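The values are calculated or read from the model by the stated rules, or taken from the named source; none is laboratory data. Treat the numbers as computed from the prediction; the structure is a model and nothing was measured. Glycine gets a Cβ as well: all are built from the backbone with ideal geometry, and neighbour counts include every protein chain shown. Each accessible area value is taken on the protein alone, full model and side chains, heavy atoms only, with ligands, DNA and RNA left out. Shrake-Rupley method; radii C 1.70, N 1.55, O 1.52, S 1.80 Å.
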Amino acid sequence: MSALKVENLWLRLKDFSLKGVSFEVHENEHFAIIGPTGSGKSLLLETIAGVYTPDSGRITLMGKDITFTPPEKRGVGIVYQDCALFPHMSVYDNIAYGLRIRGKKNVRDEVLKLAEMLEIEHLLNRKPSTLSGGEKQRVAIARALAVKPKLMLLDEPFSSLDAETRIRLRKEIFRVLKNVTVLHVTHIEDDAENADRIARMKDGRLYV
């Protein structure tokens, strides 16, 4: 079953454009897009997430047209290279944030379950500034998973880590994301080794 479907997506932003991007990601599939810096990978993810509105084209998630749906109502989680954690909040509060603003119950139980899954229980009272790069990424993944997204977007999540940490963490993270639909962009070939399918991007065009 198709979880995400992007059809003929065009977007011009200053002097760069996404040019007729079309592809599908199946449910629970890990789909990776490889391309050099500046090829449009992050812009594509942020358009799917709702940060940008395309000039034309269509984005469908689980059969629902979300092209013009507000970001918070899309059911999409996104994890960036720099993690984008709230610096003034503890790890616990970072993970709990999305649950609280949605008025979810059993917040503590959900946070503890995710912390155990990602092996960060011992970090819950720490602030992001005290964490290593790998620890920050685990927290960012937990925060994104907390709201049970229909689609997880990963924007170069391992590229800022040293080689040893990157290899170890990507294996662990993709084990956790085994039953989640993942769209993952990277410029590092090895980071896509666990993907079910791979596409390539260059100058705003996608080659599936």
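Overview of values
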| quantity | calculated |
| --- | --- |
| Close pairs (9 angstrom Cβ cut-off, 6 or more residues apart or separate chains): in contact (Cβ under 8 Å) with a residue 40 or more places away in the chain in the range 92-111, crowded, with 18+ Cβ neighbours inside 10 Å and among the basic types (Lys, Arg) anywhere | Asn94/Arg143; Ile95/Arg143; Ala96/Arg143; Tyr97/Arg143; Gly98/Arg143 |
| Hits in the range 157-187 - residues which are modelled with pLDDT of 90 or more, closer than 21 Å to Pro36 by Cβ and either open to solvent by 20 Å² or more (accessible area, probe 1.4 Å) or among the charged types (D, E, K, R) (or both) | His187 |
| Criterion: over 28 Å from Gly50 (Cα atoms), surrounded by 19 or more Cβ atoms within 10 Å (Cβ to Cβ) and β-branched (Val, Ile, Thr) - qualifying residue of Ile120, Ile95 | Ile120 |
| Test for Val79: is it β-branched (Val, Ile, Thr) and over 28 Å from Thr130 (Cα atoms) | no |
| Odd one out for Asp191, checked against (1) surrounded by 15 or more Cβ atoms within 10 Å (Cβ to Cβ); (2) over 26 Å from Leu11 (Cβ atoms) | (2) |
